[in-house]
1. What FRET efficiency comes out for the pair Glu129/Thr37, r = Cβ-Cβ distance, R0 = 45 Å, nearest 0.05?
2. Of the beta bridges DSSP finds with both residues in the chain, what % are antiparallel, to the nearest 5?
3. Using mean Cβ contacts within 10 Å as the protection proxy, how do 41-50, 152-161 order, highest first?
4. Taking the Cα atoms only, what angle lies between the long axis of helix 41-59 and the longest principal axis of the chain, rounded to 10 degrees?
5. If Lys and Arg each add +1 and Asp and Glu each add -1, what is the summed charge of the other residues whose beta carbon sits under 15 Å from the beta carbon of Asp179?
6. Given R₀ = 41 Å, what would the calculated FRET efficiency be for Asn192 paired with Leu59, taking r from the Cβ atoms and rounding to 0.05?
7. Take each of the peptides 21-31, 114-124, average the number of other beta-carbon atoms within 10 Å over its residues, and list them starting from the highest.
8. So if each residue of separation counts as 0.36 nm, and I subtract the Cα-Cα distance between Glu137 and Gln104, what length gain in nm does that give?
Amino acid sequence: LLMAFGLDGDSMDRTGLLAAGSRQENEIAAAAYIAETGRGWLESLTIARNAFNEASAILKTNVPSPIFEGTREVLKYLWESGLKLGILSADSTEGVRAFVRHYQLEDYIQLLKGVDSGPSKPDPILFLEACQKLTVEPEACLMVGDSPSDWEMGKKAGAAGCIGICWGNSEASHLQGADVAIASLPEIKVKN
C-alpha cells in the first residue's frame, strides 16, 4: 500500500499519489485496497475516509509541511516586482491556509486554493478559476510546480509556460514535461 502512495522507506515520490493526488483521490485509492480484502465498496470507502479523518485530526496539532529554503524571500521578491501570486495545491484549502499562516506568507499570496471537492490537478479548471480570481489571462501566467500534474494543468489551461522545480534533487527525471527545470525557487528572476 505504501508503494502505491509513492512512499519508500523515508522517501516520497513527488509524482506519487500522496504527493500529487488530492485527498479524495487518496481516499479512493485506499478504499480500493481495502475492497480487495473482500469488503464492499461503500464500507471500504467509509473505512478509508475515517482513517484519513483520524490521521488529519492527529496531524492538525503538528507543524505544517516544511518550507523550502529561500521560498519566503522569493515570494516577497516576486510580489515586490508587481506579480500576482497564488497557490494551487492538492491539499485542502484549509491546509494551504494553515501553511501560509504558519510561514507568514499572507502578504505575498493573493490566492489560496486547495482541492476540497470537485476536480483536482491536472484539471485546467483550477488554473483557469485562479486566473479569473486574480484577474489575469492564463497566457500571461507561469505555472511553477514540482509534479507533472502541475505543468499538465498549466499547459491545458494555456499558461505562458511551466517551470518544474526539483528542490535540489539531481535526479529530476519527472520534470521532463516542464518547459524549464530549476533546482530551487531563488533561480526565478524577473526582468523589467
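Every number here is computed from the coordinates shown, using simple stated rules; none is lab data. Just so it is clear, the structure is predicted and the values come from calculations on it, not from any experiment. Heads up, the Cβs are rebuilt from the backbone with ideal geometry, glycines too, and the neighbour counts pull from every protein chain shown.
1. Values: r = 38 Å, r/R0 = 0.85.
FRET efficiency, Glu129 to Thr37: 0.70.
2. Working: 2 of 12 bridges.
Rounded to the nearest five, the antiparallel share is 15 percent.
3. Details: 41-50: 15.1, 152-161: 19.5.
My ranking of the peptides, most packed first, is 152-161, 41-50.
4. The two axes meet at around 60 degrees.
5. Numbers: positive: Lys155, Lys156; negative: Glu139, Asp146, Asp150, Glu152, Glu187.
Net local charge, Asp179 excluded: -3.
6. Numbers: r = 42 Å, r/R0 = 1.03.
That gives a FRET efficiency of 0.45.
7. Working: 21-31: 19.1, 114-124: 17.4.
Going from most to least packed, we get 21-31, 114-124.
8. 9.1 nm
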